[in-house]
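The values are calculated or read from the model by the stated rules, or taken from the named source; none is laboratory data. Given the structure is predicted, the values throughout are model-derived calculations rather than measurements. Cβ placement follows ideal geometry from the backbone for every residue including glycine, while neighbour counts extend to all protein chains displayed. Just the protein is used for accessible areas: all its heavy atoms, side chains included, with ligands, DNA and RNA removed. Shrake-Rupley method; radii C 1.70, N 1.55, O 1.52, S 1.80 Å.
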Amino acid sequence: MRRVDVTIAPTSLRRRPVQQRSTRRVERMLSACAELIGELGYDGVTTTLIAERAGVAVGSLYQFFPDKKAVVAELTRRNLDEFLVRVRDRFTTTIPNDWWEAVDTVFDVYVTMHRTVPGFSRLHFGDAVDLQLLDERKENNALITDGLARLLSPRFQIAPDRLYLPLAVAIEAADAVLNMAFRRDPGGDGRVIEEAKAMTRGYLSARLNSSVE
């Protein structure tokens, strides 16, 4: 199957690591940042704490990132890439026949990441920090829409310009209801999640009325 380019936001790195050792060091910084945000929240994290948790000198962190926000932005970009890869892989192994199944897949991937990926429940896709954390030209949800549109457009054989607005509206609405679900229960209120799925299925089915051949 043709691979989908899921890197949809510019990197926040000051410079890209070239050597494998540098790549591993940056990954340790991102993982340390995720753990700390899960424990302390965004405001409680500093570059010094990130460096200490990662086992690197703070000067090493600044070689790659100008500040804490840049570390968090790169972590969020990594999470968004991971989200889209997981959705793509699920579509590869279990081909959705209609919007109901496609919506279930996307929601299930998101909820699983919210429950299991360190720091994700505090950051989501960056909106907890900045609505344009990943790209100063676009809001975070617009980047999610871009990525999902790339996956769904060929799957449902719908032109991107016809798909984009309904998908953007669905993501905004689902985002609000999912936030409600996780406010009510840190693990996600199952009844509210099901309501969010039903709302999104119905809307997309009515607006696009398309199924996979």
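Miscellaneous remarks
- Flag for Arg191 being more than 21 Å from Arg86 (Cβ to Cβ), open to solvent by 70 Å² or more (accessible area, probe 1.4 Å), modelled with pLDDT under 95 and assigned to a helix (DSSP H, G or I): no
- Some residue of region 135-143 being open to solvent by less than 30 Å² (accessible area, probe 1.4 Å), acidic (Asp, Glu), closer than 24 Å to Leu75 by Cα and within 17 Å of the chain's Cα centre (by Cα): yes
- Condition check for Asp108: part of a helix (DSSP H, G or I), modelled with pLDDT of 90 or more, buried (at least 17 other Cβ atoms within 10 Å of the Cβ) and under 17 Å from the mean Cα position of the chain (by Cα): no
- The one condition from (1) buried (at least 16 other Cβ atoms within 10 Å of the Cβ); (2) closer than 30 Å to Leu13 by Cα; (3) without any contact (Cβ under 8 Å) to a residue 60 or more places away in the chain that Phe156 does not meet is (2).
- Residues in region 172-194 include none that are closer than 22 Å to Phe91 by Cβ and among the aromatic types (Phe, Trp, Tyr).
- Near pairs, Cβ below 9 angstrom, 6+ apart or cross-chain, from region 113-132 (farther than 22 Å from Arg90 by Cβ and touching a residue at least 40 places away in the same chain (Cβ under 8 Å)) to any residue that is among the charged types (D, E, K, R) and open to solvent by less than 50 Å² (accessible area, probe 1.4 Å): Gly126/Arg77; Asp127/Asp175
- Qualifying residue in region 39-61 (condition: closer than 14 Å to Val117 by Cα and either open to solvent by 40 Å² or more (accessible area, probe 1.4 Å) or modelled with pLDDT of 95 or more (or both)): yes
- All of Asp175, Asp127 fail the test of being open to solvent by 30 Å² or more (accessible area, probe 1.4 Å), outside any helix (DSSP H, G or I) and closer than 30 Å to Leu40 by Cα, apart from Asp127.
- Test: residue in region 10-17 that is out of contact with any strand residue (DSSP E or B) (no Cβ under 8 Å at 6 or more places or on another chain), assigned to a helix (DSSP H, G or I) and not β-branched (Val, Ile, Thr): no
- Lone qualifier among Val56, Val71 - being among the hydrophobic types (A, V, I, L, M, F, W, C) and part of a loop (DSSP other than H, G, I, E, B): Val56
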